[in-house]
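The values are calculated or read from the model by the stated rules, or taken from the named source; none is laboratory data. The model shown is predicted, which means the values in this text are computed figures rather than measured ones. We place every Cβ from the backbone using ideal geometry, glycine too, and count neighbours over all the protein chains shown.
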Amino acid sequence: MDKVERRQQILNHAREVFSQRGFHAAKIEDIVTAAGVARGTFYLYFEDKRSIFGEILDLVLARISNRIVRVDTRHPQRSVAEQVRDNVRGVVEILLEDRATTKILLSDAVGVDPLFDRKLHAFYDGAAAMLEESLRDGQALGIVAEGDVRVFCYLTLGALKELLYQVVLRGWEHPAEQIVDEVFGFLRDGYLRVAGGAAPADLAGRMGRAPEPRRAG
């Protein structure tokens, strides 16, 4: 196993250890035992458990950033709704695929370790900055309503965090594509100014009830 593979191996096992034990309870000994490496080998690649934790968060944020694509209102083949939905799908898929990291983000207590707090806050600040930029871009393109993008941002992140908490930590079984549909519908009926997406009858049918008729005016 070369150095790149060994480093990735330690990262992967650290992610699982943090997920199972929590950042505060996890020890470097737990990580090296799970990875099957010597303690000295760990320090060849990482300074301490905070540094490996920080890298795990940075990698997730980078994946999300790379997955989000700027909406093109003049795209000849894809509607704005399809592009927005695809961005939603990308974020949801990454967070559900990497449930170990998502669990860490949602379950560890803030206020125990100031350095941990700073790293976790930095992650959420990065995610918020990315979303705010997208919302400002959307306002310029006419696909996001006028208003305070920071408020829109925090409302969106709060809703997504609670939804993922129920799915990842509490075991609520909900198909990923249905989560995408309903998150998109929530945004479309809120600050998004786009048409299209799943038909109301389709969504209501999946939820076991008929759609309510729309009122005129």
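Here is how the numbers come out for the structure above:
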quantity	calculated
Test set (1) surrounded by 19 or more Cβ atoms within 10 Å (Cβ to Cβ); (2) touching a helix residue (DSSP H, G or I) at 6+ places or on another chain (Cβ under 6 Å); (3) farther than 19 Å from S65 by Cα - A176 fails condition number	(1)
Set V69, V84, V110: member being buried (at least 19 other Cβ atoms within 10 Å of the Cβ) and β-branched (V, I, T)	V84
Residue, nearest to R188 (Cα to Cα), within the stretch 146-155, restricted to residues that are within 23 Å of the chain's Cα centre (by Cα) and surrounded by fewer than 19 Cβ atoms within 10 Å (Cβ to Cβ)	L155
Members of the stretch 1-15 that are touching a helix residue (DSSP H, G or I) at 6+ places or on another chain (Cβ under 9 Å), assigned to a helix (DSSP H, G or I) and over 21 Å from S107 (Cβ atoms)	K3, R6, R7, Q9, I10
Options V37, V60; residue that is over 17 Å from L131 (Cα atoms) and surrounded by 18 or more Cβ atoms within 10 Å (Cβ to Cβ)	V37
Qualifying position, being in a helix (DSSP H, G or I), more than 16 Å from the chain's Cα centre (by Cα), surrounded by 12 or more Cβ atoms within 10 Å (Cβ to Cβ) and assigned by TED's automatic domain parsing to the domain that holds H174, among F53, F18	F53
Check on D72, closer than 30 Å to R188 by Cα, part of a helix (DSSP H, G or I), of a type in the set (D, E) and within 24 Å of the chain's Cα centre (by Cα)	no
